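Read through the structure below, which is laid out as structure tokens, and then see the notes.
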Number of protein chains: 4
Amino acid sequence: MSHVAEPVKHARSWTRRKQARPGEILEAALSVFAEKGFAAARMEDIAARAGVTKGTIYLYFQNKEDVFKSLAREIVGNRLASATKQMHDYTGPARELLIRLLQTIDNFLSDRERAMLPKIIIAESGNFPELARFWRAEVIDKALAMVSGTIKRGIERGEFRPVDPEYTAKLCVAPIMLGVIWRNTFSAIDPVSLDNEKFLAMHFDILLKGLAPEGKKP
Amino acid sequence: MSHVAEPVKHARSWTRRKQARPGEILEAALSVFAEKGFAAARMEDIAARAGVTKGTIYLYFQNKEDVFKSLAREIVGNRLASATKQMHDYTGPARELLIRLLQTIDNFLSDRERAMLPKIIIAESGNFPELARFWRAEVIDKALAMVSGTIKRGIERGEFRPVDPEYTAKLCVAPIMLGVIWRNTFSAIDPVSLDNEKFLAMHFDILLKGLAPEGKKP
Amino acid sequence: MSHVAEPVKHARSWTRRKQARPGEILEAALSVFAEKGFAAARMEDIAARAGVTKGTIYLYFQNKEDVFKSLAREIVGNRLASATKQMHDYTGPARELLIRLLQTIDNFLSDRERAMLPKIIIAESGNFPELARFWRAEVIDKALAMVSGTIKRGIERGEFRPVDPEYTAKLCVAPIMLGVIWRNTFSAIDPVSLDNEKFLAMHFDILLKGLAPEGKKP
Amino acid sequence: MSHVAEPVKHARSWTRRKQARPGEILEAALSVFAEKGFAAARMEDIAARAGVTKGTIYLYFQNKEDVFKSLAREIVGNRLASATKQMHDYTGPARELLIRLLQTIDNFLSDRERAMLPKIIIAESGNFPELARFWRAEVIDKALAMVSGTIKRGIERGEFRPVDPEYTAKLCVAPIMLGVIWRNTFSAIDPVSLDNEKFLAMHFDILLKGLAPEGKKP
DNA sequence: TATGAATGAGTCTTCATTCAT
DNA sequence: TATGAATGAAGACTCATTCAT
């Protein structure tokens, strides 16, 4: 699971794949940016990891910043929307939905590709405020809205005791985020650190007990 | 020429230079590194923010990396130890101690100076694995040990239901960490976002209820 | 691989390629070189202006320099010779011939295509001394020879007072050159600047008076 | 008189001369730009010819374009103004003034430093329209105004026959300009080509005769 | 013939670091 | 101690040129 710079060897080395290139480059860029940060990432490294040379990147992107921004936009992209809809149709107990939702978020963020993004956002928010804004609006707020909506429903249905849904949503997500960040930050220095399964299970356990209405067994 | 004064040779690399070192440089470095990350931070910016010129920094530090590492070490430094001792002497209920402990951690991390460090660690763990290792060992593990120790005590005293203390400690700290990161990441784009008081209060409320032994009112 | 067609190998370096060569490329090259100079001219711009793609240029020319040199040679090419002969057959008064000759030169240089060449020569003589030499020998000296020949004839016929024919030839041509350069240099910034008709008429007027033998009405 | 890249060796090699640097750099830049044109000129060449290294240039100028523009502005600078005033005070015959004026212009342009500028303007007007505009307004139009003013005076005083002063001014200046350009363009390929003294004398001779009132000996 | 994706040498530009003062 | 002019290695970016199709 270590992200050492080894050029990805695609099927055959010399066919032209105009369509595939940008995606490959973004994928390579993601891992380099996540490793080094924006400033320390070298275009040549990105190119090498994508199996091309410097110049090729500039066929598809204006410059380093463009690669970076495209990355942030493309990676989230599609799946978020589908996740949203899925939740809306659900009619069962809020407790179950909440767990499922948080698990979806965890899955979403644990995907090898996307796991690096929170780190990038945190690291580069100072250099790219628009990036922070974009992510805040397009991803974080949307995800939090889904969670807080579920909590609100739970309160209405009497499954949860009355709590502030917005703040509680953040509390629900916090351990998930921390887990992602933790794994990204410390994976290189101690590979086994955190059993995510167990960690999540405990989180859900304590959380649901903590949200249970007074006098009721959760 | 022979009469020129020897440039100050610091005891190689990693020693503390207590007397002469202007803390202003480290303070300035902290804010610049937090804003830009290591690579994008310019020595001239640090110098300017410290009110000196580039050259002066090299009187006290070997190079940029030395500034960065010194920073990470010096900033934590003293206060952590004192906090540790304070906890050991405490004999009251674990619930109270836990809250107090978490509040201390929050205070520690919310200090204007130190708030930026988690962000730096996250951002630069890829470029400076030793830094991650140092922080993990010197700060995080120690802090988590205090928390998990308290939880263990609470379980022994029957205040908490039986849970894995190590994992629970992380769950306790997660929202605090997230709060710090959140404020650092999004403060520039929406200044009011998170009422930390309220956020913590809710965290403690849900957490304690979640940890309460079965059938007992927390 | 063995069945691949041999790339077209032009007779090394400096031969004319009459048949196949799309004059459009040279024409396009002329305007781009005139606008940007040799170094700043991009092959892609030339290709675009010629309605082909970069690769195509290399079917007809070895490289950028070859395009440039071909250009300088081809553009002058044919018409100069014809102009020369025409002059030799003339038998009327030198004054009339001189005017006609200068007007021919002006026409030659004012042609949309060729107007840009003096500028190119001036700009690139440093980078391409052979170009300067070629032009000096093939165009300038020949043109000046025609003019000075006419002046010499005029002196012999008593139409002009005795002057140095070579230097006078340059004086005759100077305003024409300056007009061409002027229009090329300043056309973008003030479109009307110079009425060439009037400018030439005045030049001829002053010149002929200035060359008239003492005591004679010109 | 050949402009080979030999680094100028200033008095002592290692003293700091903050004030002198920019001027030295501009001087070096002038000769490199004149030789190669803007695009082909390498910052390293300019630096070498100024006896410094690349980086030093950026202490004084923003970038290559800034060097170029500063150059165009600084070089003209002071002397033009003084020349203007000198002419205004003159009260003698216009013919004499005209000659003196043209000679001043020739001197101004023949100065080793400035001789390269017309070539640069011509070559780079396409890439730097503002430069062309600046020079047109600040130098050319002012110089032409002085000449045409003198001609107008000459007409009023009956020394010249009635001609359009603006166009005539250009005709007066044309050979001077052409001489400067000629020397710059062909000096490398035939060093003796043009005796400027003689060329100017002939120009004045023909010009004054050409401008003399009808029936009057000039 | 023609294309245009890919290459990589060549430049500008930045900035950590040095050092004479 | 402190300065800041100067250096030069490093990296972003461009574009002439190649070559598989």
- Query: Taking the Cα centre of the protein assembly as shown as the origin, how large is its charge dipole in debye, to the nearest 20, when only Lys and Arg (+1) and Asp and Glu (-1) carry charge on their Cβ atoms?
  - Reply: 620
- Inter-chain shielding metric for C:171-181, i.e. average beta-carbon neighbours from other chains within 10 angstrom, reads 6
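In what sequence do D:PHE38, D:PHE134 fall when counting other Cβ within 10 Å, fewest first?
Values: D:PHE38 22, D:PHE134 17.
If I rank by nearby Cβ atoms, fewest first, I get D:PHE134, D:PHE38.
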- When a footprinting reagent is the concern and you count Cβ atoms within 10 Å, what order do C:SER110, A:SER125, A:SER31 take, fewest first? C:SER110, A:SER31, A:SER125
- In degrees, nearest ten, helix B:64-89 long axis to first principal axis of chain B (Cα): 30
- In whole Hz, with x marking every Gly and Pro, tabulate ³J(HN,Hα) for region C:121-129 from phi via Karplus 6.51 cos²θ - 1.76 cosθ + 1.60, θ = phi - 60°. 4, 4, 5, 9, 4, x, 7, 9, x
- Message: Can you compute 3J(HN,Hα) from phi for each residue in region B:154-169, using the Karplus curve 6.51 cos²θ - 1.76 cosθ + 1.60 with θ = phi - 60°, rounded to whole Hz and x for Gly and Pro?
- Response: x, 5, 4, 7, x, 7, 10, 6, x, 9, 5, x, 5, 5, 5, 4
- Query: Of the cross-linked pairs B:LYS85/B:LYS142; B:LYS69/B:LYS119; C:LYS64/D:LYS119; C:LYS36/C:LYS69; D:LYS142/D:LYS209; D:LYS119/D:LYS209, which ones have a Cα-Cα span greater than 20 Å in the structure shown?
  - Reply: C:LYS64/D:LYS119; D:LYS142/D:LYS209; D:LYS119/D:LYS209
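Taking a ≥ b ≥ c as the square roots of the eigenvalues of the Cα gyration tensor of region A:109-218, is the shape rounded (a/c under 1.5), prolate (a/b larger than b/c) or oblate?
Since a/c reaches 1.5 but b/c is at least a/b, the shape of region A:109-218 is classed as oblate.
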- Across region B:193-206, in residue order, what do the Karplus-derived ³J(HN,Hα) couplings come to in whole Hz, using 6.51 cos²θ - 1.76 cosθ + 1.60 with θ = phi - 60° and x for Gly and Pro? 2, 10, 7, 4, 3, 5, 4, 5, 4, 5, 4, 4, 4, 5
- Reference-scaled alpha-carbon Rg (2.2 N^0.38 Å with N residues) for the protein assembly as shown: 1.40
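Where in chain D lies the longest segment free of trypsin sites (Lys or Arg not before Pro) that are both loop residues by DSSP (not H, G, I, E, B) and have at most 15 other Cβ atoms within 10 Å? Display every interim value, and only then the final one.
Details: sites that count: D:LYS9, D:ARG12, D:ARG16, D:ARG17, D:LYS18, D:ARG42, D:ARG112, D:ARG157, D:LYS216.
In short, D:43-111.
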- Inter-part distance where region C:142-218 and region B:121-163 are each reduced to a Cα centre, Å: 93
- Message: Out of all Cα-Cα pairs in chain D, roughly what percent, to the nearest whole number, are more than 26 Å apart?
- Response: 45
- Excluding residues on the same chain fewer than 8 positions from C:LYS170, give the aspartates and glutamates whose Cα lies under 15 Å from its Cα. C:ASP106, C:ASP141, D:ASP195, D:GLU197, D:ASP205
- Item | Calculated label separations, C:TYR90, copies of the chain, 7 Å along the beta-carbon direction, nm | 3.6, 9.6, 10.9
- Item | Net charge dipole size for chain B [Lys, Arg +1 and Asp, Glu -1 on Cβ; Debye, nearest 20] | 420
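Efficiency by 1/(1 + (r/R0)^6): what FRET value for B:THR53 and D:GLU138, r their Cβ-Cβ distance, R0 = 45 Å, to the nearest 0.05? Could you put the intermediate results ahead of the total?
Values: r = 39 Å, r/R0 = 0.86.
The value I calculate is 0.70.
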- Query: Can you list the GluC sites (Glu not before Pro) in region B:111-218 that are in a DSSP coil and have 15 or fewer other beta carbons within 10 angstrom?
  - Reply: B:GLU113, B:GLU214
- Return the calculated 222 nm mean residue ellipticity for chain D, to the nearest 500 deg cm²/dmol, obtained by summing -39500 (n - 2.57) across DSSP H runs with n ≥ 4 and dividing by the residue count. -21500 deg cm²/dmol
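Values quoted throughout were computed directly from the atomic coordinates according to the rules given, and no laboratory measurement underlies them. Just so it is clear, the structure is predicted and the values come from calculations on it, not from any experiment. All Cβ positions, even for glycine, are placed from backbone atoms using ideal geometry, and neighbour counts span all protein chains on display.
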